[in-house]
1. Evaluate the distance, in nm, between pseudo-label points positioned 7 Å from the Cα of B:A196 and of A:A394 along their respective Cα→Cβ axes.
2. Using only Cα atoms, what Kirkwood radius does the stretch B:413-493 have, in angstroms?
3. Just report the Cα centroid separation between the stretch A:133-166 and the stretch B:269-310, whole Å.
4. What's the total accessible area buried between chains A and B, using a 1.4 Å probe, rounded to the nearest 100 Å²?
5. Kindly express, to the nearest 10 degrees and within the range 0 to 90, the angle between helix B:543-555's C-alpha long axis and the longest C-alpha principal axis of chain B.
6. If you project the alpha carbons of chain A onto their three principal axes, what span does each projection cover, largest first, in Å?
7. Are any of the pairs B:K234/B:K360; A:K149/B:K360; A:K22/B:K360 more than 31 Å apart by Cα-Cα distance, and if so, which?
8. Within the stretch A:378-414, list the residues whose amide N lies under 17 Å from a label point set 7 Å along Cα→Cβ of B:A477.
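The values are calculated or read from the model by the stated rules, or taken from the named source; none is laboratory data. Bear in mind that the values here come from a model prediction, so they are computed numbers and not experimental data. Note: ideal-geometry Cβ built from the backbone for every residue, glycine included; neighbour counts use all protein chains shown. Just so you know, the surface numbers come from the protein's heavy atoms only, side chains and all, with ligands and any DNA or RNA stripped out. Shrake-Rupley method; radii C 1.70, N 1.55, O 1.52, S 1.80 Å.
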Amino acid sequence: MRALERTYHGAPAAAGPLLFLKGTRRAALGEWVVIRTPGEPDRRGQVIDVGEAATVVQVLEETIGLAPRRADVTLTGEVAQVVVGRDLLGRALNGMGQPIDGLPPPFGEALRPIVGAPMNPVRRIPPSDFIETGISAIDGMNTLVRGQKLPVFSGPGLPGLELAGRIVEGARAPRGEPFAVIFVGLGITAREAHAFLDRFEKSGAIERSVLYLNETRDPAIERLLAPRIALAQAEFLAFEAGIHVLVVIADIAHYCEALREIANAREEIPGRRGYPGYMYTDLASIYERAGILEGRAGSVTQIPILTMPDDDITHPVPDLTGYITEGQIVLSRELHRRGVFPPVDVLPSLSRLMNAGIGEGRTFAEHREWANQLYASYTQGRDARLMAAIVGEAGLQPADRRALAFAQRFEDEFVNQGAERRTLEATAAIGWALLDALPREDLVRITEATWLRREAARARPVDPAAPAAPVAVPAPAGG
Amino acid sequence: MTCAEVVRVVGALAEARPLPGAALYELVRVGERGLLGEVVRVTGDVATIQVYEDTTGLRLGEPVEATGRPLMIELGPGLLGAVIDGVGRPLASIAGAMGDFIAPGARAPTLDPSRRWSFEPHLAVGARVAAGDVLGVVQETPGVAHHVLVPPGCAGVLAEVRAGALTVAEPCALLEDGTALRLAHAWPVRTPRPSARRIPPGRPFVTGQRVLDLLFPVAEGGSVAVPGGFGTGKTIVEQSLAKYADADVVVYIGCGERGNEMAEVLAEFPRLVDPRTGRSIMERTVLVVNTSNMPVAAREASLYVGVTIAEFYRDMGYRVALMADSTSRWAEALREVGSRLQEMPGEEGYPTYLGNRLGKLFERAGRVEALGAPRRTGALTIVSAISPPGGDLSEPVTQAALRVAGALWALDPALAHQRHFPAIDWETSYSLYDEATAPWFAAEVAADWAEVRRELMTLLQQERELREIASLVGPDALQDRERLLLECARALRELVLAQSAFDPNDASSSPAKTYRLARLGRDMYREGAEALRRGVPYERLELGAARRALAAARDAADPGTGAVAATVAGAGAAPAAVGASAGGNGARAAERPTGKGVPHAGA
């Protein structure tokens, strides 16, 4: 490969993060570039436009002080590659994959191109294995499955990162299968980076994790590479080492800003809100690197976190994300203000793959109707809450009054769980307890068979004096 | 065609020189790996090429080879059940050559060149044939007979006809001038296939979704735009249609969508049984798959590839449905390429020819009399999902689609949040085919279909107005009649219009069942209003029982058997005036459960 390496002395122009070259024979799109200037550390870059007239290199480090005339630019003849391997577990790296934990660079098991190739859809296996996150609003209402990409839509000041941390700590792989977490911090503050590192170390989660931390002070362009470097590592762990990998990327909004900044520097025609027209395709090249492949043991699951500017879900970042990901977990400012944690608004939240991951043998048999009923009653309660604000609670129909009370309890007891980690059984029990407070006529989504089973189950413990013998239990009417 | 080489690469675009003789939309092979591309601009001796494969690693100076022909798709037996990428390569062949991940440069024929088909000629030596004539038949799948057609632009006298086991590349007949006719022929995807004439729409495209068949029916050969923000259920609607709609052949294009979703389709479709043939629905389906992370230019091509395949089966006399999910991703691919070409952008950065291109694509839908003998009619219905940014329907792609589509099925996020699916917004949606399809419903399902439909539309309209008032004055301030209306409309929404894609009894609804439920809902309101008029207080109305009856009717199996007819007749028997006709039509509907399975071809 080194045979293709060639060095040019002096570049004709530089602007922002871009360096322009002339007369580069055999330059390749995506080629890795090293830029050396006397008295300064080496910079790296990537070819993003090749042409006879000009070849454009995107410089990955800060370009302050870069004098193009004095630079020696080496085209390496290779596309960008990164070290991957199981020995990266337990390490904290920067957005370029270099250690920031004071340890020597990882040796790795292989080199992989950071731009992954698309998985062939005919080789994919549809995700259907339930992941217990310990969060009721997710496990019960918006179930996550292995191989899914399920983002968290947060807002400024909302605890999106906190929720991500909880999921990372609480997530369990069933049957004790090998499990790893890859956390990618993009443009996060030093405070956040520190807090996260600390948290990973304290909980012991660091042992089975790789952290890629690109801080706010790091170059914006690194943000474009960091998730791809992390995903190259995730794909290696999953598809070559047979590990189930959960990738958390925070914050995608910072990624998109970096993308816009670079597009602007390249004088591209901007699309909506100045973001480039290809942002959908670009985001897809990250999000679509989740999945399961036939005949390979591991899986890649993604939880991207993004901040919706001004809580606006129609902003291009959440909008394009929602079109690619398999659902979204939406946080609510109102719930957050009321002290509910996690403040998940279950109505706009959705897990598209939930249906494949729930039911008999996966979660619990009545999961679908149970969730449908919680949704239906909560929706009715939210509507009633709006109505009550105008006409007063006394002006409501009895069914609406019941739904209103239900909605309040649903938020306070089901969604709100504070620091507790809930098993699926606990989540199911809380949901049933809330539904049990409603009369049968309100439970339109619960089938007759399920209702009778519940009746029978509830009738049994009613009389504490009754002996354990089944004969002592009077058959419920109609049972 | 000598030694042109790459002189520029940016994104999915490459420039090559010297290619002075290149034609627009000519297919070229780019670089040492032979990446597929199409010429989109010629300036002097420089050709600009949109490349259908990942250009990463493509170098200046690599060779470029022109092929002298446009992008074509091979049309012949073996398409049904196939899963191909945006330029027609079977994904399984790519996996065989490249492994689990897609690498650029794969060469794979669309149709298996080694597979032998049993060809049964319908014409003999000496017959004069012209374009579109049916030469003979190959049983492509147990449910679909593949009519081997004389390709458009070809005519003469048969000098030789061969029966028996043939591959797609072997001649099945020779003309006197020596022209070989084969089981398969290639067709340029950007050129619509010719037909004898267009026929006005009449028969509905029965979707099995009550809200669509009842309120917003689309005619066979029509086109419909289905815009919806993310999470509103576009893909579920498209997939439900692909599974349950009454069509002989379904072409499903996953254009710039999710890989896992396509995996689900690939896992699920082979297991689903087509009630008309008793065979897997995969045997009537062609899947064109270009997920969002696959190369963007191929996304642009995928719609043309899909619609060309659909036209091909239409020409055999089949009723074909094309599902495009989603046209917005196609438009974005146009925008991306246009922007790299430094074209002056129109609205929202889309090229100014967006409306024109989209219009031409939608106009490839239609009901036609096919070229050639025997006479046969075929239909191509296009259902195009659209992903408007922010769910805003005023955006350019939706608006361009609405200028040409005959119907709008708008998806509403508020309904989706309530888990009301399909989340079709009955206030925004419309169909221009309601008049044209009404006679079919009257004749085949129930004479008063249109009347019931109109009454329900009115009910929904009134509900909306009332809900606004109720939200101001409180429900207690409403009259009994108004409370009844709200309750009936709620039942209509929850039990008739909503439909669970996951419930085997409810995922698809025959027109007879749809009518039965609509009728029950209508009667609930009529009879309740009548009782109120007689002085029965609102609290005494048995609305709970009426609701339960609706729910039971919804949950009942829908086999399209005599039982359905009996129930329809039973419902019709209550109000005497329409009872007789509804009963009679119910029986007729039952004879033809979900529409006919045999195409017109060869009849």
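1. Here the answer is 7.7 nm between the modelled labels.
2. Across the stretch B:413-493, the inverse of the average 1/r is 14.6 Å.
3. If you average the Cα positions of each part, the centres end up 33 Å apart.
4. Summed over both sides, the interface buries about 6100 Å².
5. Taking Cα atoms only, the helix is inclined about 30 degrees.
6. 92, 50, 42
7. Check vs 31 Å cut-off fails for A:K149/B:K360; A:K22/B:K360.
8. Under cut-off, by backbone N: A:386-397.
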